[in-house]
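In what follows, a single structure is set out as C-alpha cells and then discussed.
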Amino acid sequence: MSDIQKGMALLIAAFHKYSGKEGEKTTLSKGELKDLLTAELGDIFGKSQDKAALDKIFKDLDANADGSVDFQEYATLIACITMLCNEFFTKSK
C-alpha cells in the first residue's frame, strides 16, 4: 500500500475504533467524539474537559443535525485539521 492508502486506512480504523460504542455502529455520539479527540488528537485539541468547547465542536461537525457525527462529518474535521497543520508548518519554514 502507498503512504496515502495507509493513511486512509488509519483514518477509517480510528473512526470505527470509537464509533458504535454508544449507539449506531457507523456514527460517533458526543461521548465517542470526545474519546476520539482526546485519545487520537489530544496533542492538537489538548486534554481539555471544557464541555462548552466540546458541544461547539460537536454542533459544528453535525452538519445534518441528527445528533451524531457520521464518517463524512468526521472526514471534514480531519481535512480541516490537516489543512491548518499544513499552513502552520509551511509558515514556520
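Just so you know, all these numbers are worked out from the coordinates, no wet-lab data involved. Please read these numbers as outputs of a predicted model, since none were measured by experiment. Glycine also receives a Cβ, built like all others from the backbone with ideal geometry; neighbour counts cover every protein chain displayed.
Structure values in brief
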| quantity | calculated |
| --- | --- |
| Cα-based radius of gyration of the chain once divided by 2.2 N^0.38 Å, which approximates compact folds | 1.12 |
| Estimated distance in nm for a label pair at A75 and K17, the labels positioned 7 Å out from Cα along Cα-to-Cβ | 2.0 nm |
| Cα-based helix-to-principal-axis angle, 3-18 vs the chain, degrees rounded to 10 | 20 degrees |
| Rel. contact order, % - alpha carbon contacts under 8 angstrom, at least six apart, segment 1-65 | 20 percent |
